[in-house]
Amino acid sequence: MSEKARVLITVKAAPEPSTTYLETVCVAGIRLDVDPPQWIRLYPVPYRLLEGPNKFTKFDVVELDINPAPHDPRAESRRPVVTTIAPQRKPWSIPARGALLEPMVQTMCALRAGVEANINGPSLGLVRPLKVRGLIITKHEGWTEKQSTAMRNFLSQPDLLAGPVTIAALEPPRFEVRYHYWCEEPGCRGHKQRILDWELVAFERRLKGKSDDDAKEAITTRFYEMICAPTKRPHFFVGNFAKGPQRKSFSVLGMYYPDVNTDYGSTLF
């Protein structure tokens, strides 16, 4: 039986073709209707197929029905009833976000150690890097043949919600981009984690007419020089994968970067 949840959305990962669904987006956030607040993963969300009233953006608060996630033993994972998603249209202020998020910061090394000790350990977290060395940018190899076939098959069928499919085939991103950073754990040897945030893919597409070198420069300016500027306090929303050895591999699912002088206060509203 479904239960109601109220969630502050912190992560909207880039969509990828799925062999089970047309395409999937991993959405994550903090569940506000429980005490203390808890991380939650909502999967799958066919975001491009959502009707207008169901669409949401990062840092929206949404109410929805959720069910246990079949075949995913990670404690944070739930299957959303996508037709029940109801975004609240009054966004939280930056201080209100910080008052909730700052107490949830942990180190990447601790998260990784937790999964090493228990494969079903915490799989979502917020990490504040001690130092960000920069970005590692490489060419994306494109969708696998399995992904491409699945996408072609689904585009010829009714979508997951209702009516005919009216969206274009999903294009692969141009680059794979990774942060190279050290977390706040004493003795951290560094982390190199791919950025899976939808914001990065959308930014890459706006650079379509630029050369590779110019596009890489623009990505570096936006996702390193701006987010990790001395006037900012960068944090990374991180998460791992559901299956096999990849469970021990975490990626950067989104970024949070308030000004260094932000006064969070104590109120959440």
*Might you let me know whether segment 190-204 holds any residue that is more than 24 Å from the chain's Cα centre (by Cα), at pLDDT 95 or above, closer than 30 Å to Val127 by Cα and assigned to a loop (DSSP other than H, G, I, E, B)?*
no
*Do you know which residues across segment 206-233 are over 18 Å from the mean Cα position of the chain (by Cα) and of a type in the set (Lys, Arg)?*
Arg206, Lys208, Lys210, Lys216, Lys232, Arg233
*Sort out which residues of segment 4-34 are modelled with pLDDT of 95 or more and open to solvent by 10 Å² or more (accessible area, probe 1.4 Å), and write them in order of number.*
Lys4, Arg6, Arg31, Leu32, Asp33, Val34
*Is there any pair with a first residue in segment 221-243 that is on the phi > 0 side of the Ramachandran plot and in contact (Cβ under 8 Å) with a residue 24 or more places away in the chain and a second that is open to solvent by less than 70 Å² (accessible area, probe 1.4 Å) and part of a loop (DSSP other than H, G, I, E, B) whose Cβ atoms are under 6 Å apart and which are 6 or more apart or on different chains, and what are they?*
none
_Of everything in segment 171-209, what is open to solvent by less than 10 Å² (accessible area, probe 1.4 Å) and hydrophobic (A, V, I, L, M, F, W, C)? Give them in sequence order._
Phe175, Val177, Cys183, Ile195, Leu200
*Collect the residues in segment 103-126 that are open to solvent by 40 Å² or more (accessible area, probe 1.4 Å) and assigned to a helix (DSSP H, G or I), keeping them in residue-number order.*
Pro103, Ala110, Arg112, Ala113, Glu116, Ala117
_Being part of a strand (DSSP E or B), open to solvent by less than 20 Å² (accessible area, probe 1.4 Å) and under 20 Å from Asp197 (Cα atoms) is the requirement here; does Arg133 meet it?_
no
*Given (1) closer than 23 Å to Thr107 by Cα; (2) open to solvent by less than 60 Å² (accessible area, probe 1.4 Å); (3) modelled with pLDDT of 95 or more, where does Thr220 come up short, assuming only one miss?*
(1)
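The values are calculated or read from the model by the stated rules, or taken from the named source; none is laboratory data. The shown structure was predicted, so the numbers you read here are calculated from the model rather than taken from an experiment. FYI the Cβ positions are ideal-geometry reconstructions off the backbone, even for glycines, and counts take in every protein chain you see. The accessibility values were calculated without ligands, DNA or RNA, using every heavy atom of the protein model including side chains. Shrake-Rupley method; radii C 1.70, N 1.55, O 1.52, S 1.80 Å.
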